[in-house]
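Colleague: Have a look at this one before I ask anything.
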Amino acid sequence: MNSRTLPMIGLLLAMVCDAAPEQSEVPANVKAYLEKCERKRRELVSGYAKSLEKCKDRYLAAKNAKVGNTGVPGTLIDSDGSITYRTEDEKKAGIKRARQNGRDTERRWKKLKRNQPFYCAPLELKELAVGSIGTLRTNDAWVLQVVGKNEMLVREEWVIDIWTARNNRPVMKHRDVEKVFWLKGVSTEGVVDKSRLEYDKPLQITGTKTYDTAVGTSTVFVLEPIDLAPYLPAKD
């Protein structure tokens with residue numbers, strides 16, 4: 001290698017380094033959300049592990065159950081967990097249900113334990129603000145109105161616990177709370193008003209939107225899809 005080759009190699013290396021894109025830092029709200037997802041995932045893994053043990057106990061109880069007069073219209077479950085079915089057919093059905101519940105619970109537990117696909121935590125009522133990230137729970141999210149090709153008004157429902165007093169004793173009550181969002185960037189093809197929202201990917205609150213209503217105007221948060229792939233750990 002002659003003396004003129006070395007400067008040329010240095011120049012090529014400099015060009016490659018200049019051309020390589022810099023890895024962007026993780027935005028603060030994304031970092032906080034990913035940490036929340038991991039924390040919630042670990043809690044769910046622990047919860048499902050406990051549920052799995054209970055499923056095993058229920059399966060064994062169903063398998064070892066007695067058959068006879070229960071003295072009640074249906075199956076009798078004693079305080080010690082033992083079961084009495086009225087007929088052999090009811091016992092077979094009970095064993096089948098217990099086995100299936102165990103399999104479903106184990107499948108969810110393994111899925112969360114592997115974290116494949118990545119667990120995305122839902123939006124929480126107390127954390128709603130511009131920059132918040134989360135999913136809409138498909139069991140509690142509804143399309144109110146399709147307003148454009150990729151825009152719709154959607155509603156999410158939460159159940160919150162409220163402590164009150166009755167006869168000088170604390171009592172917990174449940175209250176339904178709903179919030180309306182302007183969802184944009186999601187295809188509305190085949191979507192109709194007053195239908196369940198079938199979209200479980202992460203969304204970000206990017207701002208607010210004011211729109212006309214029959215009695216004036218309403219201002220709601222705007223939700224848009226966010227791609228978390230660039231910030232997720234590499235798969236094994």
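Colleague: Looking only at the range 146-176, count every residue that is closer than 19 Å to residue 219 by Cβ and surrounded by 14 or more Cβ atoms within 10 Å (Cβ to Cβ) and tell me the total.
Modeller: 7
Colleague: Is it fair to say residue 123 is within 16 Å of residue 180 (Cα to Cα) and surrounded by 16 or more Cβ atoms within 10 Å (Cβ to Cβ)?
Modeller: yes
Yes or no, residue by residue, for (1) in a loop (DSSP other than H, G, I, E, B); (2) in contact with a Leu (Cβ under 6 Å, 6 or more places away or on another chain):
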{"site": "51", "(1), (2)": "no, no"}
{"site": "55", "(1), (2)": "no, no"}
{"site": "59", "(1), (2)": "no, no"}
{"site": "62", "(1), (2)": "no, no"}
{"site": "69", "(1), (2)": "yes, no"}
{"site": "80", "(1), (2)": "yes, no"}
{"site": "84", "(1), (2)": "no, yes"}
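Colleague: I'd like to check something: does the range 73-81 contain any residue that is modelled with pLDDT under 85, under 25 Å from residue 108 (Cβ atoms) and surrounded by fewer than 16 Cβ atoms within 10 Å (Cβ to Cβ)?
Modeller: Yes, because at least one residue in the range 73-81 is modelled with pLDDT under 85, under 25 Å from residue 108 (Cβ atoms) and surrounded by fewer than 16 Cβ atoms within 10 Å (Cβ to Cβ).
Colleague: If you take the residues of the range 209-226 that are touching a strand residue (DSSP E or B) at 6+ places or on another chain (Cβ under 7 Å) and surrounded by fewer than 12 Cβ atoms within 10 Å (Cβ to Cβ), which of them is nearest to residue 147 (Cα to Cα)?
Modeller: For the range 209-226, the residue satisfying everything is 210.
Colleague: Return yes or no: is residue 114 within 19 Å of residue 228 (Cβ to Cβ) and among the basic types (Lys, Arg)?
Modeller: yes
Colleague: How many residues are closer than 27 Å to residue 130 by Cβ, of a type in the set (Lys, Arg) and out of contact with any helix residue (DSSP H, G or I) (no Cβ under 8 Å at 6 or more places or on another chain) when one looks only at the range 32-55?
Modeller: 3
Colleague: State whether the residues of the range 97-106 include one that is exposed (fewer than 13 other Cβ atoms within 10 Å of the Cβ) and either under 18 Å from residue 42 (Cβ atoms) or touching a Ser or Thr at 6+ places or on another chain (Cβ under 9 Å) (or both).
Modeller: no
Colleague: If the requirement is being without any contact (Cβ under 8 Å) to a residue 40 or more places away in the chain and in contact with an Asp or Glu (Cβ under 7 Å, 6 or more places away or on another chain), which of these qualifies: 215, 159, 186, 146?
Modeller: The conditions single out 159.
The values are calculated or read from the model by the stated rules, or taken from the named source; none is laboratory data. Since the structure is predicted, the reported quantities are computational estimates derived from the model, not experimental observations. Here Cβ is always computed from backbone atoms with ideal geometry, including for glycine, and neighbour counts include all displayed protein chains.
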